[in-house]
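Accompanying notes for the structure given below.
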Amino acid sequence: MALLALLGSSLDSTMSRDRLVGLLWPESDEVTARHLLADSVYILRQTLGPKAIVASGEDLRLNPEIIAVDVPAFRQATAARRWREALALYRGHFLDGLLLRNAGEFEHWADRERTRLRHDAAGAAAALAANLAEQDQAGDAVPWAERALELAPYDETAFRQLFELLIKLGNRSRAEATARSFIEQLQHDLEVTPSLETMEVIRRARGLHPAEPIVVVARTTSARHRRRHPDLTTRNLTLQGRYLWHRRTRSAVERAIDYFTRATERNPHSAEAWSGLADSWTV
C-alpha cells in the first residue's frame, strides 16, 4: 500500500529506487532494502497485473493505462480550476489511518502530502463558493464555503467567506453561531483571537461599535480529554504555527517557522510539526 501510494502521488508517477528505499526502509542496509523493494514490486505485479508497474533504469512508475490514481487527477483538476471535479475526487484525507513501523521518513512524507492536498481541497471549495456567489447563487455557495472551513478550520479567510454569505442570505442566527464557534475554537485550540479584520467583519454584522468587545466564554477541557495529548506544548506550538501559516503573509509565515521549529526541537518525532515547517519554507 505504501509503495503504491508513493508511485501514484505525483503527476508523472515516477520515483527512483533510491528514493523509495529511503522512505520505506530507512533503517535497512542498501542490499536488504533493495531486496524488500523488489519483493514489494513483485507482490504488486502479482496483484495488479504484470504490466502495472513499469521499470525504466533506476526509476519506477505506474502504468496509467492499467491503474487510474485519484491524486494526480485531483492535482490536474485544481491546476485547471475545475473545482467541482477536484472536490469530487477528494473523498478523504490522504492515507488517513495508514501507519508503518520504523518508517519515519515515509510518515513525514505522507503527512506533508496530506496537508498539501487538504489545503488544495479547501482552496478549491472556497474558489467554487466564490464563483457561485459572483453568479448571485449565494445559497448554492454556502455548502462549499462550509466545506472549505471544515477542511481549514483555522483559516480566517474561509470563515469570513462563510460568515458573509450567511449574512447576505439573511441567516443571521446561523452566522452568529458560526462566528461564536470559530472564535471559541481558535481560543480553545490555539489560544489566539481572530485578526482585527475578522473581528471588524463580525462587529459590522452585529451592528457593534468598534470599541465594544465581543465576549466569548472559553470551553472547558476535561481531565480525560487532556490525557489524550500528553505533550500539549508541542501540540499548541504546532497549532499556532499552522494558524499563522494559513494567513500567508510574509511576517506570519516567518512566525510560523519559529513555532514549528520550536515544536520539532521539543519533539523531534512530531510529523505534524515537521510537515508544517516544510510547508512554511515552500510557501
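Data for the structure
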| read-out | value |
| --- | --- |
| Count of residues meeting criterion [in contact (Cβ under 8 Å) with a residue 60 or more places away in the chain, in a helix (DSSP H, G or I) and closer than 28 Å to L100 by Cα] in the range 244-283 | 7 |
| Condition broken by L3, with the remaining ones in (1) within 23 Å of Q76 (Cβ to Cβ); (2) touching a Pro at 6+ places or on another chain (Cβ under 9 Å) satisfied | (2) |
| Helices (runs of 4 or more DSSP H) completely within the range 121-197 that count 1 or more residues being of a type in the set (S, T, N, Q) | 156-168, 172-185 |
| Criterion: part of a helix (DSSP H, G or I) and more than 27 Å from P143 (Cα to Cα) - qualifying residue of A73, A110 | A110 |
| Only one of G170, G123, G97 that is on the phi > 0 side of the Ramachandran plot, within 18 Å of the chain's Cα centre (by Cα) and either modelled with pLDDT under 95 or buried (at least 16 other Cβ atoms within 10 Å of the Cβ) (or both) | G97 |
| Residues of the range 76-92 classified as assigned to a loop (DSSP other than H, G, I, E, B) and either among the small types (G, A, S) or modelled with pLDDT under 85 (or both), total | 2 |
| Where R81 falls short, out of the listed (1) under 21 Å from E107 (Cα atoms); (2) surrounded by fewer than 15 Cβ atoms within 10 Å (Cβ to Cβ); (3) under 23 Å from the mean Cα position of the chain (by Cα) | (1) |
| Failed criterion for I66 (all others in (1) β-branched (V, I, T); (2) surrounded by 14 or more Cβ atoms within 10 Å (Cβ to Cβ); (3) modelled with pLDDT under 90 hold) | (2) |
| Positions within the range 100-120 being among the hydrophobic types (A, V, I, L, M, F, W, C) and surrounded by 19 or more Cβ atoms within 10 Å (Cβ to Cβ), in sequence order | F106, W109, A110, L117 |
| Which listed residue, of R228, R203, R224, is modelled with pLDDT under 80, in a helix (DSSP H, G or I) and either surrounded by fewer than 10 Cβ atoms within 10 Å (Cβ to Cβ) or more than 19 Å from the chain's Cα centre (by Cα) (or both) | R224 |
| For A33: the one exception among (1) surrounded by fewer than 19 Cβ atoms within 10 Å (Cβ to Cβ); (2) without any contact (Cβ under 8 Å) to a residue 24 or more places away in the chain | (1) |
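The values are calculated or read from the model by the stated rules, or taken from the named source; none is laboratory data. Everything numeric here is computed off the predicted structure, so don't read it as measured data. All Cβ positions, even for glycine, are placed from backbone atoms using ideal geometry, and neighbour counts span all protein chains on display.
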